[in-house]
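Structure first, then comments.
All of the numbers you see were taken from the coordinates with simple rules; none came from a lab. Every value quoted in this text rests on a predicted model; they were computed, and no experiment measured them. When we count neighbours, we look across all protein chains shown, and the Cβ atoms used for this are built from the backbone with ideal geometry, even at glycine.
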Amino acid sequence: MPVMVLRSLNPPRLMNGTRCIVTKAMRNLIEVKITSGPFKDEKHLIPRIRLQPSDTALPFTFQRQQFPSRPCFSLTINNAQGRSLRVVGLDLRSQVFTQSMLYVALSRTGRKNDVYILAEDVLLNGSASLFLSILLVSGYNSLPRSMMYWEQQEDCYNSAISKTMSRNRSEMLTRYIHVADNDNLIAGNKFAKIKPLYKLLNERLVRLFPVEQHLSTDESMSPSLFPVQQHLSTDESMSPSLFPVEQHLPTDESMSPYYVKHSLKKCIRGKPIKFGCNG
């Protein structure tokens, strides 16, 4: 069984962090063989020693005798620093603290084919569908920056998007998601990277929305689907009761005052109201 030494028993051979394999176990001794480093394959004996916990809150000193070692089937990135390994299995289900730690983990072997990575699937639990939904909504309700959907300002905040997915996860998917093979893109096609997505969306929309059942067969509009008398006025003018012009359209080209800090806020010289948003 692989173990790691927790005390410096015989420097520089048996140090804190030395990895060994138990070759023989006795009542008060275990025989181990060092597996790496300049003293590889050397055999040593590890005795039981007295250990005292340093962070106890008890009013008395607690002691126990045990082997200063623990099972070690894997290594942390910090303990792997400076070691040369033939094969490396890297568990990245939790993100590394810094990029330098990732470099240390990936450089423990000399060949990239000897590195195996276990990472969390970023598209679990329907994240791909949710991400595409956010993209579709952002096309109708566009903002200067995608991060503004998670801001707390009333004119930016979108509860549907912010409650569907966190801002960091959306940013990660935007950065790393691919729908096409970048090594086999069609030359000269500007939409080659998103063409598979358009093709898939068109197939799904045609299948889920039969045109013959929902649309009219000629250029005229079906009265049963859109009653004109109920939605449009009888003459060329627009009915004031359905669309009050003074409530929805600006009366001139003046600037609407806006005193909160916002990326849409403008400053136009010569206007009665210099700072605000266009009405």
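Key figures for this structure:
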| read-out | value |
| --- | --- |
| Dipole axis of segment 125-181 (+1 Lys, Arg; -1 Asp, Glu on Cβ), positive-most option in G139, W150, T164 | T164 |
| D_trans [Stokes-Einstein, Kirkwood Rh over alpha-carbon pairs] for segment 2-71, 10 °C, 1.306 mPa s, µm² s⁻¹ | 123 µm²/s |
| Three-way shape label, segment 125-181, alpha-carbon gyration tensor, a/c 1.5 | prolate |
| Trypsin sites (Lys or Arg not before Pro) lying in DSSP loop within segment 113-194, provided at most 11 other Cβ fall within 10 Å | R145, K190 |
| Prolate/oblate/rounded label for segment 77-119 (Cα gyration tensor, a/c 1.5) | oblate |
| Pairs beyond 30 Å (Cα-Cα), from K195/K266; K40/K112; K163/K261; K112/K190 | K195/K266; K112/K190 |
| Amide H partners (placed H, <5 Å) of V3, local residues excluded | C20, I21, V22, C72 |
